[in-house]
1. Taking square-rooted eigenvalues a ≥ b ≥ c of the alpha carbon gyration tensor, is the range 3-169 rounded, prolate or oblate, where a/c under 1.5 means rounded and, failing that, a/b exceeding b/c means prolate?
2. Under the classification rounded if a/c is under 1.5, otherwise prolate if a/b is larger than b/c and oblate if not, where does the range 144-218 fall, given a ≥ b ≥ c as square roots of the Cα gyration tensor eigenvalues?
3. Which order do the peptides 285-294, 108-117 take when ranked by the mean count of other beta-carbon atoms within 10 Å per residue, highest first?
4. Build a GNM of the chain with springs between Cα atoms under 10 Å: which of 342, 87, 97 gets the top mean-square fluctuation?
5. Against the longest principal axis of the chain, how steep is helix 108-117, in degrees 0 to 90 to the nearest 10, with axes from Cα atoms?
6. Roughly speaking, what is the stretch gain from residue 294 to residue 231, that is 0.36 nm per residue apart minus the C-alpha to C-alpha distance, in nm to one decimal?
7. Please give the peptides 157-169, 322-334, 194-206 ranked by average Cβ packing (other Cβ atoms within 10 Å per residue), highest first, as a rough proxy for protection.
8. Classify the chain as rounded, prolate or oblate, taking a ≥ b ≥ c as the square roots of the eigenvalues of its Cα gyration tensor: rounded when a/c is under 1.5, otherwise prolate if a/b is larger than b/c and oblate if not.
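FYI, it's all coordinate maths here, none of it is from the lab. Keep in mind it's a predicted model, so treat the numbers as computed, not measured. So basically every Cβ, Gly included, is an ideal-geometry build from the backbone, and we count neighbours across all protein chains shown.
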């Protein structure tokens, strides 16, 4: 697939809006992709596998471009073109607007933004100074000169404020008040949002006229790497004094239903979730695990209504809480992501809601 063919496909799907077509075609991802990318556990080197490298770069796939030292955990990537196109559409940009990007990465989205509103309108902040430097070089190699800064994007960049639009390229659990304060009233903040239970969804906030809060709906199902200082930390816990019982909830309904998992995460924002295959429990049987750093629970997938299928330990009965939150989601009509939203204040309060800001999740 060529870049033009991919752009055609994005237009047909509706992910890319027509007002972005010219900019998207003029800014192929290959110009901002490093020579080594990680795909399905293997590094692809452009010099050694040029055909495979070209194929991946012109595909609708996310590309890992850097991992944390000593691990295989991604620390930077080039996002899936569909997701980039969706985010650009939701930004609702116009000529003359000022944009703050939190997370420069390879520099590709900064280039797209600069071609749309002009270099003077774009400020991009990257926490990794090496990435910021390389992105700066790539941008200048194609004649673009937005402001690229190495620093903590969670602090924004007050010198360039106020911004009409703010876009994050990494997921958060908490939106910093500085970002709201640096966004003009009526301005839009577009940020991937998640919880330890489910990461996540794209949140589109509009800043209130008094500048003291921002509110809006979740608009897309997306999953991004976490902002570095907000990566979930599962903590440590002791499993003791275990309480056993059956489950009223089929755990598969949580694991296979993103809408349900995301809604549960909004109601239980401090609870972690994972599915593991536990041969030591029963050969070939998976189980859903949840914990909060003090309490722990699991439910076996194969016999969830069995008398010992659920194990719970600690001060909270977490599986009961997950079951109750899932019950609320069902009673509410199984709402999709776009019926959910959030209001964030400069005092740090984060209030999730259903359908309208006044209908806060309790």
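1. The shape class here is oblate.
2. Here the range 144-218 falls in the oblate category.
3. 108-117, 285-294
4. 97
5. Roughly 60 degrees between the two axes.
6. Fully extending the segment from residue 294 to residue 231 adds 20.8 nm.
7. Final packing ranking: 194-206, 157-169, 322-334.
8. Cα axes put the chain in the prolate bin.
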